[in-house]
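Since the structure comes first, as structure tokens, the remarks are kept for the end.
The values are calculated or read from the model by the stated rules, or taken from the named source; none is laboratory data. If you're wondering where the values come from, they're calculated on a predicted model, not measured in any experiment. Cβ coordinates were reconstructed from backbone atoms using ideal geometry, including for glycine residues, and neighbour counts include every protein chain displayed. Each accessible area value is taken on the protein alone, full model and side chains, heavy atoms only, with ligands, DNA and RNA left out. Shrake-Rupley method; radii C 1.70, N 1.55, O 1.52, S 1.80 Å.
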Amino acid sequence: MQTLYRSTRDPKGQTITASQAVLQGLSPDGGLYVPTSIPEIDLDLNELKDLSYQDLAYKILRPLFSDYTDEELRSCIDKAYGDQWDTQEIAPVDYHADNAYLELFHGPTIAFKDVALQLLPHLMTVAAKKNGSDKDIVILTATSGDTGKAAMAGFADVPNTQIIVFYPKDGVSAIQEKQMLTQTGKNTHVVGITGNFDVAQTNVKKLFNDKELAETIAEAGYQFSSANSINIGRLFPQIVYYFYAYGKLVKDGRISVGDKINFSVPTGNFGDILAGWFAKKLGLPVNKLICASNKNNILTDFFNEGTYDKNRPFYVTSSPSMDILVSSNLERLLFYVSGEDANKTAELMNRLSVSGKYTIDSDMRAKLADFAADFATEDETAAEISRIFSADKTAIDPHTAVASKAAESYKANTGDNSPLVVVSTASPYKFPQAVLNALDAKGKDEEGLEAVKYLQEKISVKLPETVQRLFDAPTLHDTVVSPDEMKDTVVEILK
Ligand SMILES: *Cc1c(COP(=O)(O)O)cnc(C)c1O
């Protein structure tokens, strides 16, 4: 059976195919694409522990991307989860203190966005062909550091694609900048701008909507597409690792097939945890999904009080990928808990854009019972890194620490001691300074690769090869422009 997609804001519920949704990203009405019904997957939980990551990915994604042929989907998955990962397992589980940690940082950029961004480019180029486009895809993104690198690593040398990343020249960490400027691939372009991330993002949105620019690049044989996290091609690949973790816990004798487990997820844009919720819908025995936030705890308040209110201070924290006040993917959850009511969803989103705030009714709140929510302050995050280090000399990154701490709070508050998996979204080597500070260790005043050296001496975690390579990787990009030169820069690159 075909799985079709509709917008969360379209009361008529007009449908498109999966490949069309991958190409479009966002619906023209501003809504997000969701499947019109949750498909059945061909998976017996008893076989889970014996499936490779790639075979499992195929089983789960098969019904969701139903207009791709078997061969197309297989080939996309094989390219995405190959030897660019430092373990064939792709998403291994490790145990520290009382919890399991699902490690999603074994890809090329040592953070979890690789899981989806290694697959998306392939889903996209197949989608373009399927829909009769003869144009090459141009991905334009603004990045505050992580997404741009992960997207470039995914698109690098993928035929018929170009990727252009704009980043704030003085607004990313030393490691992040080094990672981006050393990016290989003939089709990758990195441009620093003399402005902050908001300026970069606002201008990229303008370029997307610029009709004249679209025509100019169409003449040169290109079309724009977006790799941002509301694309179903990024959301659904993330479902796979929830099942994979469950299989590992069975294999390791921690649970029996059918036992319910909890997941604690460090949350920003609400994509990762929403994928966990889809995993539950698809039949994975999940009790609670714990939505973990840092000091920017807007989601904690939403789940505990029913009001989403972005009229609040914005804090820069040691877990920057979660420093966010509008979690785009939450719209999909609102759509479902409203009883798939597009009018109601659109109205809530409208209230958010007009007054920065909305409150859901008691019916909707009652349907949020799959979730629990908690947050960690900066001190608590550092203390959690230190607690895990005391257990086995290992280090977790600050994002993971937020989730680990929220899990502890959840257990203490509820007495629910079901087996729990902390979703571990970045390698400690991605945030060496924050980790050294948390451990009050030698080198904590160092930055970038210097800090990496000190961290390597301190913890028993192997330095990933991709970081090792950074030490002598040549700088390949050096363009810096002012924000009003961004359009000309795009035209110049695509000439
Ligand atoms: C993006 C990111 C998150 C947040 O994930 P969302 O899907 O945006 O909720 C958490 N940790 C790290 C390291 C990330 O890069």
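Values for this structure:
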{"quantity": "V423 vs. criteria part of a strand (DSSP E or B) and either in contact (Cβ under 8 Å) with a residue 60 or more places away in the chain or farther than 12 Å from I385 by Cα (or both)", "calculated": "yes"}
{"quantity": "Pairs with Cβ under 7 Å, 6+ apart, first in the range 223-241 and of a type in the set (S, T, Y), second part of a loop (DSSP other than H, G, I, E, B) and away from the ligand (no atom under 12 Å from the Cβ)", "calculated": "S225/G25; S226/G25; Y241/A91"}
{"quantity": "Some residue of the range 165-184 being of a type in the set (V, I, T) and open to solvent by 40 Å² or more (accessible area, probe 1.4 Å)", "calculated": "yes"}
{"quantity": "The range 10-28 - residue that is under 23 Å from the mean Cα position of the chain (by Cα) and open to solvent by 60 Å² or more (accessible area, probe 1.4 Å) and, of those, farthest from L348 (Cα to Cα)", "calculated": "Q20"}
{"quantity": "Filtered residue count, the range 435-456, keeping only those that are part of a loop (DSSP other than H, G, I, E, B), within 21 Å of E177 (Cα to Cα) and of a type in the set (G, A, S)", "calculated": "1"}
{"quantity": "Matching residues in the range 1-56 - criterion: being part of a loop (DSSP other than H, G, I, E, B) and among the acidic types (D, E)", "calculated": "D10, D29, E40, D42, D44"}
{"quantity": "Count of the range 457-485 residues which are within 26 Å of the chain's Cα centre (by Cα) and assigned to a helix (DSSP H, G or I)", "calculated": "6"}
{"quantity": "V421 within 16 Å of the ligand (Cβ to nearest atom), over 20 Å from E378 (Cβ atoms) and modelled with pLDDT of 95 or more", "calculated": "yes"}
{"quantity": "Count - residues of the range 218-235 that are more than 16 Å from the ligand (Cβ to nearest atom) and open to solvent by less than 10 Å² (accessible area, probe 1.4 Å)", "calculated": "1"}
{"quantity": "Top-ranked residue in the range 414-456 [being touching a Lys or Arg at 6+ places or on another chain (Cβ under 6 Å) and aliphatic (A, V, I, L, M); ranked as surrounded by the fewest Cβ atoms within 10 Å (Cβ to Cβ)]", "calculated": "A441"}
{"quantity": "Residue in the range 397-408 that is under 23 Å from W277 (Cα atoms) and open to solvent by 30 Å² or more (accessible area, probe 1.4 Å) present", "calculated": "yes"}
